[in-house]
Amino acid sequence: MAKIASEYFKVNPWKIEEEGFNPERNRVAESIFSIANEYMGVRGYMEEGVSCDSLSGSYFNGIYEYGQVDESVQYKGIVNQAHFMVNSVNWLYTRIYLDGEQLDLNNADVREFKRILDFKTGDLTRTFILITGDRKEVKFIFKRFISMNMPNYGYQHIEIEALNQSIEVEIVTGLDFSILHWEKQNYWNIVKQAAGDSFAGCIGETITSKQQVFSGYQLQTNIDIPLHSFKEEKVIGHKLQVNLTKDQKIVIDKQVTNIARRKPEKTMVDLWNEGMDKLNNQEDYSVHMQKNIEYWTTIWKDHDIVIEGDEKNQQGIRFCIFQLQQTYHGVDSNNNIGAKGLTGEAYSGHAFWDTETYCLPFFIFNNPEAAQNLLMYRYNTLDQARKRAPQLDCTGACYPIATLNGEEACTLWQHASLQFQPSTGVAYGIWQYVLNTGDLEFLFDYGLEMLVEISRFLVSRGQWNADHTKFGYYGVMGPDEFQMMVNHNSYTNYMAKKTFEYTLEALADLQVCSSVQYQRLIDKLKLQNFEIGEFKTCAQQMYIPYDADRLLYEQHEGYFDLPHIDVDAIPVEDFPLYKNWSYDHIYRNDMIKQPDVLMFMFLYNQEFSPDCKKANYEYYEPRCIHESSLSPSVHSILAAELDKIDEAVDFFRFATRMDIDDYNRNTAEGLHITSIAAAWVNIVYGFAGFRSDREELVLSPIIPDKWKSYRFKFKYRGSLITIKVTHQEVELVCDGKKMNLIVYGKKYQITSESLRIAVKK
Ligand code: BGC
């Protein structure tokens, strides 16, 4: 794999630390130092502004703008207007002048520069000493955090200290709505602004989507000096000036309240009043910081993965869990997980099929309420999926490949019109969630409606071959985005078959549990008997290309005959291929971007024999270039299962440190949030051999040579299970209800007394 680690940050099990300011690394560092709380997020940019490569990104979950309508797109079903998560108010806006000269770290003599993100407190700290032209030394401390308990609250703390001589300091602080999206365009109109002695507030409204953001702050200083408010077109704030004598320090605390309104259900006056109320009730920095520390202590107590003997991966996995938690923990069922979370503008903030296939397991086994909310997001956007289906000349509901608000936002037609893994992914997510939580209420109240609508879509999009013996999908693109307009993609067909089967099973279960509710659902959906018959026939007749002699699934009909490329012979400079090879060149050979056959073998793992998994792994892995960051973890999991431990460890290398070491050379654009979710999956399903696709949970741990031990916990139907694996034994203990677990093929009851089993060598 042409992926090289770019090691830059210090290795520390509980922190990310940068020592020394390095302008070339600034944009990557800004992504890494992002803080968020699901509701809002800011990149780790320097609030005072810096002239090197930087993206001052501030985002709110669900606050988006529409791009321009592309009038040249006249074809039915092809998206001609995208929506994207829009860069919003810079509530950390600061400018600093020392003896009249503006502070710009890129043009400054600086020592002892450090930026630290602390996983235990959730705050970002930046410190340095600046030496002015006339040798004055000034110490700076910047801190910020976003509340994990109160979604609207953010905090900023600045200290400036004259170390050896007096100095004239001017600080400008405020709220900046003049922020540029994609560093080009501003999408905000100001609808109200006001400032008082120590507070300022502003409501901005997006130009096209008409969403509103209230931002307001209160300032506190340690020195009693006048604060002068100012207003510019899209910036409002305060200026203060102070002459610091030697050893004197000015401290400013800025408490910020932000409210994001996706739909203008309230008047602007109501929004303003709500914002001011929240602001007036906001606790100060130190009080609220304590609450954040308590929040993170609770999270680490149950969600931590402890790896002994491998500091780098220890740091990596904690970073992944920390960033995933910041991006999503189930506050609101209208939120989803963008591929880049709230850390950048690439992928436009969109959520993909990644949510159900890569992120959901973490939530099902750590925070089932959040898992339910993720699925509720799909329920809340079912109408948009229903509207999408007829655009593709189909019925039922077709979930978008990329979206924020439930509408399809992908303007690349071959993805938006040919990829159905979001729809089958939703069905898979419902199945996984219900199987592992037993939440039939969710299934019957919400899940089934989605399942029926997805099945209807899959019937209407599917086709029979000429002699009517094979049902399947013609002209599609599976997860492997290097093969388009293919027929009978195994993944699509297999997942559709599973969707039909589960829909039928869930309908039958509801009929048994409550004939009244069953009838209500049938009436609501106007579901006809012949449709149920179609689900059955399509499931039974689904064609999945398979070579029984070689135990090989064919990725799609005709794949085995494609021209072969030796992917190891592709020069490193050609990566990423989509930038260096012509688009059509990528499509006309047997090279694959990410697991496709191997993906359904991971999702429905226990349906396949070990020999079959081995044959397919050995056939497809050498053809895969892992251009998607989602790819290595699934390969690592299967390699671990197939006793290819070195390969498993090698692929795992990318999982936890994908962004810290910038393996894909694009962390500058934002973090790979959905693939870092797969880091958890990689350890738990990979090394621990966890399987959750049957009634009983399975565990089959191995341990990489280098590690002394690893430990994790998971929640399951009221129990909290702790698992520790060393080179000698697997230790299992359960807090709460006893539960059964199959370990190395044998059933055990896990209780509060620790159970020890010899580890498989
Ligand atoms: C992958 C998709 C994925 C998307 C967002 C693409 O590179 O090919 O499978 O959904 O990234 O993570």
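Here is a list: 609, 629. Which entry is hydroxyl-bearing (Ser, Thr, Tyr) and open to solvent by 30 Å² or more (accessible area, probe 1.4 Å)? Answer to the check: 609. Looking across segment 340-350, just one residue is more than 13 Å from the ligand (Cβ to nearest atom) and under 16 Å from residue 82 (Cβ atoms), and that is 345.
Given the options 209, 229, name the one that is open to solvent by 40 Å² or more (accessible area, probe 1.4 Å) and small (Gly, Ala, Ser).
229 is the lone residue from the list that is open to solvent by 40 Å² or more (accessible area, probe 1.4 Å) and small (Gly, Ala, Ser).
Checked against (1) open to solvent by less than 10 Å² (accessible area, probe 1.4 Å); (2) more than 14 Å from the ligand (Cβ to nearest atom), residue 670 passes all but a single condition, namely (2).
Taking every residue in segment 390-404 that is over 17 Å from residue 415 (Cβ atoms) and pairing it with any residue that is open to solvent by less than 10 Å² (accessible area, probe 1.4 Å) and more than 16 Å from the ligand (Cβ to nearest atom), at least 6 positions away or on another chain, the pairs with Cβ-Cβ distances below 6 Å are 395/389; 396/389; 396/457; 397/382; 397/385; 397/389; 397/454; 397/457. Filtering segment 478-504 to residues that are open to solvent by 10 Å² or more (accessible area, probe 1.4 Å) and more than 16 Å from the ligand (Cβ to nearest atom) leaves 485, 487, 494, 497, 498, 501, 502, 504.
Taking residue 479 as the residue in question, decide whether it is in a helix (DSSP H, G or I) and within 19 Å of residue 594 (Cα to Cα). So residue 479 does not fit the description; no. In segment 27-142, counting only strands (runs of 3 or more DSSP E) that sit wholly within it, the ones holding 3 or more residues that are more than 24 Å from residue 164 (Cα to Cα) span 40-42, 58-60, 64-66, 83-85, 109-118.
Evaluated against (1) of a type outside the set (Gly, Ala, Ser); (2) away from the ligand (no atom under 16 Å from the Cβ); (3) crowded, with 21+ Cβ neighbours inside 10 Å, residue 465 falls short on exactly one condition, (3). Close Cβ contacts (under 7 Å, 6 or more residues apart or on different chains) running from residues in segment 666-686 that are free of Cβ contacts under 8 Å to residues at least 60 places away in the same chain to residues that are of a type outside the set (Val, Ile, Thr) and within 14 Å of the ligand (Cβ to nearest atom) comprise 682/633.
If I filter segment 134-155 down to residues being open to solvent by less than 20 Å² (accessible area, probe 1.4 Å) and touching a His at 6+ places or on another chain (Cβ under 9 Å), which single residue comes out as farthest from residue 91 (Cα to Cα)? My answer is 148. Determine which member of the set 131, 167, 158, 171 is surrounded by fewer than 21 Cβ atoms within 10 Å (Cβ to Cβ), touching a strand residue (DSSP E or B) at 6+ places or on another chain (Cβ under 7 Å) and not polar (S, T, N, Q). Within the list 131, 167, 158, 171, the selection yields 131. Among the residues of segment 353-412, the one identified as within 16 Å of the ligand (Cβ to nearest atom) and of a type in the set (Lys, Arg) is 378. For residue 655, the conditions (1) modelled with pLDDT of 95 or more; (2) assigned to a helix (DSSP H, G or I); (3) aliphatic (A, V, I, L, M) are fulfilled apart from (1).
How do the strands (runs of 3 or more DSSP E) wholly within segment 200-253 filter down when requiring 2 or more residues that are among the aliphatic types (A, V, I, L, M): which remain?
Numbers: elements: 212-221, 228-231, 235-244.
Once the strands (runs of 3 or more DSSP E) in segment 200-253 are filtered for at least 2 residues that are among the aliphatic types (A, V, I, L, M), what remains is 212-221, 235-244.
None of 757, 660, 703, 742 is at pLDDT 95 or above, in a loop (DSSP other than H, G, I, E, B) and surrounded by fewer than 23 Cβ atoms within 10 Å (Cβ to Cβ) except 703. Among the residues making up segment 328-339, a single one is within 12 Å of the ligand (Cβ to nearest atom) and in contact with an Asp or Glu (Cβ under 7 Å, 6 or more places away or on another chain): 339. If you go through segment 183-194 and keep only what is farther than 19 Å from residue 47 by Cβ, open to solvent by 30 Å² or more (accessible area, probe 1.4 Å) and out of contact with any Asp or Glu (no Cβ under 6 Å at 6 or more places or on another chain), you end up with 184, 185, 190, 192, 193.
Mind listing whichever residues of segment 281-304 are open to solvent by less than 40 Å² (accessible area, probe 1.4 Å) and not charged (D, E, K, R)?
Here is the first cut: in segment 281-304, the ones open to solvent by less than 40 Å² (accessible area, probe 1.4 Å) are 282, 285, 288-289, 292, 295-296, 299-300, 302-304.
282, 285, 288, 289, 292, 295, 296, 299, 300, 303 - these are the residues of segment 281-304 that are open to solvent by less than 40 Å² (accessible area, probe 1.4 Å) and not charged (D, E, K, R).
Within segment 505-526, one or more residues are more than 34 Å from the chain's Cα centre (by Cα) and buried (at least 16 other Cβ atoms within 10 Å of the Cβ).
The values are calculated or read from the model by the stated rules, or taken from the named source; none is laboratory data. Being a predicted model, the structure only gives us computed values, none of them experimental. When we count neighbours, we look across all protein chains shown, and the Cβ atoms used for this are built from the backbone with ideal geometry, even at glycine. Surface accessibility is based on the protein's heavy atoms, side chains included, excluding ligands, DNA and RNA. Shrake-Rupley method; radii C 1.70, N 1.55, O 1.52, S 1.80 Å.
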